[in-house]
There are 4 protein chains.
Amino acid sequence: MQFTSDNAAAVHPALWRAMHAADAADSPYDNDALSRELDGAFSRLFGRECAALWVATGTAANCLALAALVPPHGGVVCHREAHIEMDEAGAPGFYLHGAKLMLAEGDSARLTPASIAAVIDPIRDDVHQVQPHAVSITQASEYGCVYRPAELAAIGAFVRARGLGLHIDGARFANAVAFLGCAPAEACAGADVLSFGFVKNGGMGAEAIVFFDPEMARVIRYRRKRAGHLQSKGRFLAAQILAMLEGDLWLDNARAANAAAQAIAAAAPGRLLHPVEANEIFLATSPAERAALRAGGFEFYDWGKDAARLVTAWDTNPDHAAALARAIARL
Amino acid sequence: MQFTSDNAAAVHPALWRAMHAADAADSPYDNDALSRELDGAFSRLFGRECAALWVATGTAANCLALAALVPPHGGVVCHREAHIEMDEAGAPGFYLHGAKLMLAEGDSARLTPASIAAVIDPIRDDVHQVQPHAVSITQASEYGCVYRPAELAAIGAFVRARGLGLHIDGARFANAVAFLGCAPAEACAGADVLSFGFVKNGGMGAEAIVFFDPEMARVIRYRRKRAGHLQSKGRFLAAQILAMLEGDLWLDNARAANAAAQAIAAAAPGRLLHPVEANEIFLATSPAERAALRAGGFEFYDWGKDAARLVTAWDTNPDHAAALARAIARL
Amino acid sequence: MQFTSDNAAAVHPALWRAMHAADAADSPYDNDALSRELDGAFSRLFGRECAALWVATGTAANCLALAALVPPHGGVVCHREAHIEMDEAGAPGFYLHGAKLMLAEGDSARLTPASIAAVIDPIRDDVHQVQPHAVSITQASEYGCVYRPAELAAIGAFVRARGLGLHIDGARFANAVAFLGCAPAEACAGADVLSFGFVKNGGMGAEAIVFFDPEMARVIRYRRKRAGHLQSKGRFLAAQILAMLEGDLWLDNARAANAAAQAIAAAAPGRLLHPVEANEIFLATSPAERAALRAGGFEFYDWGKDAARLVTAWDTNPDHAAALARAIARL
Amino acid sequence: MQFTSDNAAAVHPALWRAMHAADAADSPYDNDALSRELDGAFSRLFGRECAALWVATGTAANCLALAALVPPHGGVVCHREAHIEMDEAGAPGFYLHGAKLMLAEGDSARLTPASIAAVIDPIRDDVHQVQPHAVSITQASEYGCVYRPAELAAIGAFVRARGLGLHIDGARFANAVAFLGCAPAEACAGADVLSFGFVKNGGMGAEAIVFFDPEMARVIRYRRKRAGHLQSKGRFLAAQILAMLEGDLWLDNARAANAAAQAIAAAAPGRLLHPVEANEIFLATSPAERAALRAGGFEFYDWGKDAARLVTAWDTNPDHAAALARAIARL
């Protein structure tokens, strides 16, 4: 019973079907019929004109998105535990040609105008210090917590007032929207660019970079190719993404994952290190308790010495989730 | 009837099966069982210890391979019409942090020790000029021509004598081996690193970077992640590659593509701009002749004003190839 | 008798005086009184609003200038024998984060609209090929030849029509203006940025980057610091440059160097490989002839096997130049 | 009475004399007689074989030094208030091609093995996280505090045990040696590379990068040129450095600066925010007190809201220092 990572989950059958349907020859790269549908599909989803590019990974999505906002001599404010800082092997430094991540604090890996200001206000406005050019936040956050639309609006207003760009790492954007129950546009209010994740939510290898200013995408198309991310059979990536948007499959999948997480979280409210709002549960547990869970057939990662990270996915078996909940309750 | 690009071809059924079989949950990134088989599979194929990494594109494969050989202040000798120079949007400049491509001449986009020497001999050995660190050749070349083992041995000896590394861009390595009928190791003799292509040969989105010095792969694993090319569901890339190697499917596919190319080439030997040794035919044709072919239902790219580029693939319908041959003969 | 390089020449006494005068404490970096005078001084010289930054070397000047015009994924057209291509150790690749130099042909290392078009016209307007963003020419050229104002106007018009920027490497701009006898602005007509050299013309270690669009300088001030070129005692660089501009010392020095070159060139018009228009003479000579000159006490570089490069400077002793002319005539 | 910055100080007369003496023509770049003396001069000073390169600025020295130790995908541990982090405009990101600074804590901007371990121990040894490759410390620190030889030995042992390189930013190395009264080699024990500063200590524009492994310098000579830091009249930089080493002028100058700092510090021991061990005094003062000092004719920087930074230099007038001490005592 696997709660290690939503990256380990299966590909959704609808995506398999869509990929098979895309097998017939079409133009290479992103000149195929499916890739050309992306801008329209995301424009409809967000109710405004968008340009959307597929890439295979969240790291590529985040870094290409930031490349639209930050020059090589600039900086990006992000949370100290943001994925771009902790888990992307320095990819922002590579893609942004040495630009700097500026690390901010905040509960549950979320930022606020105040926590951003605490980082950028002390920066002298002279050529000796790297100047901030953008802020990157994660929706849902690295601890599975979700920014409310009003919080996003406040960040967006702050960021614009300071002349900065706003990027949202939406590796689990679907889970955030499912939690909020709002329009997708409200869940990323204020963003210039959104990395919209599908891989953790039933995809095989396709994420979307959604630019709310379509002009920004123009340069990034060159950057994508230059980074080796313009796949020659791009139709298979477009197929995955379009299948996800079709009939809001992405939301259904996220709701399933969130529901499984809630079922588990309900078993031990006192052990939760962060509110459970998406599909991740950080559970205070001793090594002995974790050993007991593993002995019961549950797989997951340790999170430091005193906690477990449990991740559900679109295909988490509800019986497994219920069994895990019982096992936790018994600890 | 499509002769535009082998990139437009379908995915081979055996790869579909292998990907479906890989759908069950496994560890993310390259910690899954299939990814861990790659080193062994390529070591067996080449009869020596190798380390192999999957990536989604040939551009990423080439540039990560070169990153193992060339420092940011160095240079890479390649043909003036090499893919890394002409068609990768400056990706080598990105991946190599500003290292320089040094352009050499040669018939049919192939290099020789003499053409390499013509580029590097005039370089002064001082700090004012970029010094060469590696040579990159393409097997089969951008004009579908194949280096013979003795030619590779001569290049390899020359390169080693000059203290340089040797990279082979093998986007169509399978077609070269199929043409030569030799052992795979002979078709890349002298190389330090091989970009072994599968996408043009029936894959969906997986190429292998094969390091003949396994130690070189150690650093490139970091570079791959840093470039956003470590896919979280890497098991699907490994599955494609292993399915290709299984029972030499890669060779069967390449033989089919080569055979279709030969059938076409035989129709008009006088029009061939380059020897047809792999799956590409460059055909001297007037605009009117190309219009006639297109009117007959054949799709392909113009190659300048006076030629057509025709590309066959593993799934080229032999009837289509025969029809094209007849149409060419009738011109 | 030294004709090796104008880089080997002495520092002009007026500059020594200016540097001594700047020794008194002032604000560090470029906040001192002298550095603040630069914009105005160059604006007066060129008769339009300019922003000017000092740096220590021509390589830094060229590369920071280009950084204002070319993004990392772009290209710069320059002559195959341009200093930025041949003698800067790949610095453009470093400063431009991997952007590409696109090599054009042209007599005496000079470009024309036609030779630029020959490079950029074949570039497909798609994401697979690096797109040109700027042209860089050298005034006077690497072979000591000077663009006439009408030639510059033609290049400028061509470049603007193609949406490109224009950089002029003016390491020997003074020699060009001295030769043309025109206003400085005419000698760099059409340029967006000029690297205005002083080191070869009697300076110690100060060049100016002159931006004809002052806004461009804003970003480059950050880039200069980021490149380690914002010297803390920048007042000594500003002092050199201002002393050069004072009373047109830069022109007097260049006229002296040019005159010495003319005196030498007149001795052997039939041996000149390029018109002598600045302070460099490329002289067809056999190894034996060069040995004879060296035996006569003249120092210079070989230029390949069949030529000598002779360079005069502001402080070339006219007697030495006359002696060299006689020695050449005697060959 | 200027206590703003040692960067604002004058150039020492002995250096002026040495630069004038170097005015005679010599080979350009670093092929002149003076530049060729550097390796020997530093080898004698440190009692071991060294290779030394001049550059114009401390930022260039630090970043080229680090480029010898850290690959683009690596990291450098430094203090949160290190100059490379706070005051170099992101130059390490530029020179190291996106490598990451990893920020450690420590009193008075000094590190210890424990504070370094606190940064690197939590880093997972996998490809998702940037791995440390070097540590950079500052001697004397950004708060004017000096590492004792035993402290350096402990850091050096720790760093070697972890397989890391050690760089010392010695912008004020002279002040540290003057304070310690030890051999220069003891004051940088354990370092692989030292940025040995002269500009703040009476130089005009020359610092030395001293490699204790001469082989490391080989690559950095290319990198220096590539960064535009190989000045064509390099003899003037070499002349400054050799004049500084001659008769230990560097030590005399540093002793003078340190003595002035001690004289000031003695006036108000209770106000010192950091021990005064070099030539910087951080003095707790209210805005009103700082206004009073300024009204008395003393110039200096505020350090936040509650402190002043006072810097002495080799040429600080002892009467001015005494006057400042009295003024502080009167506050």
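Looking at B:Ala239, is it small (Gly, Ala, Ser) and in the same structural domain as B:Ala323 (by TED's automatic domain parsing)? Taking the combined requirement at face value, the residue does not satisfy it. If we scan region A:230-238, do we find a residue that is open to solvent by less than 60 Å² (accessible area, probe 1.4 Å), over 30 Å from B:Ser5 (Cβ atoms) and not β-branched (Val, Ile, Thr)? Taking every residue of region A:230-238 in turn, none turns out to be open to solvent by less than 60 Å² (accessible area, probe 1.4 Å), over 30 Å from B:Ser5 (Cβ atoms) and not β-branched (Val, Ile, Thr). In region A:8-26, which residue that is at pLDDT 90 or above, open to solvent by 10 Å² or more (accessible area, probe 1.4 Å) and at the interface with chain B (Cβ under 9 Å from one of its Cβ atoms) is farthest from B:Lys200 (Cα to Cα)? So the residue we want is A:Ala10.
The residues of region A:32-52 that are more than 14 Å from chain B (Cβ to nearest Cβ) and assigned to a helix (DSSP H, G or I), listed by number, are A:Arg36, A:Glu37, A:Leu38, A:Asp39, A:Gly40, A:Ala41, A:Phe42, A:Ser43, A:Arg44, A:Leu45, A:Phe46. Taking the criterion of being open to solvent by 10 Å² or more (accessible area, probe 1.4 Å), part of a helix (DSSP H, G or I) and within 19 Å of B:His133 (Cβ to Cβ), would at least one residue in region B:68-81 satisfy it? Taking every residue of region B:68-81 in turn, none turns out to be open to solvent by 10 Å² or more (accessible area, probe 1.4 Å), part of a helix (DSSP H, G or I) and within 19 Å of B:His133 (Cβ to Cβ).
With respect to C:Ala91, determine if the residue is touching a Lys or Arg at 6+ places or on another chain (Cβ under 7 Å) and facing chain B (nearest Cβ under 9 Å). Against the criterion (touching a Lys or Arg at 6+ places or on another chain (Cβ under 7 Å) and facing chain B (nearest Cβ under 9 Å)), C:Ala91 qualifies. Only one entry of B:Arg290, B:Arg309 meets the criterion of being free of Cβ contacts under 8 Å to residues at least 24 places away in the same chain, under 18 Å from B:Ser5 (Cα atoms) and in contact with a Phe, Trp or Tyr (Cβ under 9 Å, 6 or more places away or on another chain), and that entry is B:Arg290.
B:His320 passes every criterion in (1) surrounded by 21 or more Cβ atoms within 10 Å (Cβ to Cβ); (2) out of contact with any Lys or Arg (no Cβ under 7 Å at 6 or more places or on another chain); (3) within 25 Å of A:Lys233 (Cα to Cα) apart from (1). Could you tell me whether D:Ala114 is more than 13 Å from every other protein chain (Cβ to nearest Cβ) and either within 28 Å of A:His73 (Cβ to Cβ) or outside any strand (DSSP E or B) (or both)? Yes: the conditions hold for D:Ala114. Taking the conditions (1) more than 18 Å from C:Arg224 (Cβ to Cβ); (2) within 14 Å of chain B (Cβ to nearest Cβ) in turn, C:Thr57 satisfies each one other than (1).
Is it the case that some residue within region D:86-99 is farther than 29 Å from C:Arg221 by Cβ and at pLDDT 95 or above? Within region D:86-99, not a single residue is farther than 29 Å from C:Arg221 by Cβ and at pLDDT 95 or above.
Only a single item in (1) out of contact with any strand residue (DSSP E or B) (no Cβ under 6 Å at 6 or more places or on another chain); (2) on the phi > 0 side of the Ramachandran plot is not met by D:Ala109, and it is number (1). Taken over region D:134-164, the criterion of being closer than 15 Å to D:Cys78 by Cβ, open to solvent by less than 10 Å² (accessible area, probe 1.4 Å) and not in a loop (DSSP other than H, G, I, E, B) is satisfied by D:Ala134, D:Val135, D:Ser136, D:Ile137, D:Ile155, D:Val159. Of the numbered conditions (1) farther than 30 Å from C:Thr312 by Cα; (2) over 18 Å from the mean Cα position of the chain (by Cα); (3) more than 7 Å from every other protein chain (Cβ to nearest Cβ), D:Tyr29 fails exactly one; give the number of that condition. Here D:Tyr29 clears every test but (1). Taken over region B:41-57, the criterion of being surrounded by fewer than 23 Cβ atoms within 10 Å (Cβ to Cβ) and more than 14 Å from B:Ala217 (Cα to Cα) is satisfied by B:Ala41, B:Arg44, B:Leu45, B:Phe46, B:Gly47, B:Arg48. Being among the small types (Gly, Ala, Ser), surrounded by fewer than 22 Cβ atoms within 10 Å (Cβ to Cβ), outside the structural domain of D:Ser27 (by TED's automatic domain parsing) and in contact (Cβ under 8 Å) with a residue 24 or more places away in the chain holds for only one residue in D:Ala261, D:Ala267, D:Ala257, and it is D:Ala267. The set of residues from region C:284-305 being exposed (fewer than 14 other Cβ atoms within 10 Å of the Cβ) and assigned to a loop (DSSP other than H, G, I, E, B) comprises C:Ser286, C:Gly297, C:Gly304, C:Lys305. Does A:Glu277 meet the test of being under 30 Å from B:Leu96 (Cβ atoms) and open to solvent by 10 Å² or more (accessible area, probe 1.4 Å)? So A:Glu277 fails the test.
The values are calculated or read from the model by the stated rules, or taken from the named source; none is laboratory data. For clarity, every value in this text was computed on a predicted model and none was experimentally measured. Cβ sites come from the backbone with ideal geometry, for glycine too, and all protein chains shown count toward neighbours. Areas reflect the complete protein model, heavy atoms only, side chains present, ligands, DNA and RNA absent. Shrake-Rupley method; radii C 1.70, N 1.55, O 1.52, S 1.80 Å.
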